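The next block holds one structure in the form of structure tokens; read it before the comments.
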Amino acid sequence: MISEKDLDAMGYFEAFQTAEDVKASDYSQWVENKILTEGQERLVENTLGLVGEAGEVAEKIKKLIRDSNRFANNEIMKELGDVVFYATALANIYGKGLNEVL
């Protein structure tokens, strides 16, 4: 999970003060600026990142249903934010970005 400290270090809070400030095209560019890998390596990293983060969401829901293990809403929202990050990174690979996905 990307922590608030990580987001701060990556300049997220400087770029986007509130959720209302975020435009899909700006977020796509912000994500693109954070990507370190290229080509096939990037495709694999971003795909595995997406699957891994989606798995963390699924794990929380599974434990909620199976064990009545309640989680804080902000925990699931952080995981979903990570899913959006990797989905955006993948959309960027194909030249469309988040605008096209939405």
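The values are calculated or read from the model by the stated rules, or taken from the named source; none is laboratory data. Bear in mind that the values here come from a model prediction, so they are computed numbers and not experimental data. FYI the Cβ positions are ideal-geometry reconstructions off the backbone, even for glycines, and counts take in every protein chain you see.
Quick notes on this structure:
- When V31, V51 are checked against the criterion of being within 23 Å of G95 (Cα to Cα), of a type outside the set (G, A, S) and surrounded by 15 or more Cβ atoms within 10 Å (Cβ to Cβ), a single residue qualifies: V31.
- Test: residue in the stretch 2-24 that is surrounded by 11 or more Cβ atoms within 10 Å (Cβ to Cβ), at pLDDT 70 or above and in contact with a Leu (Cβ under 7 Å, 6 or more places away or on another chain): yes
- Scanning the stretch 50-68 for residues that are of a type in the set (K, R) and touching a residue at least 40 places away in the same chain (Cβ under 8 Å) yields no hits at all.
- Residue pairs meeting the criteria (Cβ under 7 Å; at least 6 apart or on separate chains; first over 10 Å from G97 (Cα atoms), in the stretch 21-34; second among the aliphatic types (A, V, I, L, M) and not in a helix (DSSP H, G or I)): K34/M10
- All of N74, N69 fail the test of being surrounded by fewer than 16 Cβ atoms within 10 Å (Cβ to Cβ), modelled with pLDDT under 90, out of contact with any Pro (no Cβ under 7 Å at 6 or more places or on another chain) and not in a helix (DSSP H, G or I), apart from N69.
- Counting only residues that are surrounded by fewer than 18 Cβ atoms within 10 Å (Cβ to Cβ) and not β-branched (V, I, T), the stretch 80-89 holds 2 of them.
- Scanning the stretch 53-98 for residues that are within 11 Å of the chain's Cα centre (by Cα) and not aliphatic (A, V, I, L, M) turns up E53, K78, E79, G81, D82, F85, Y86, T88.
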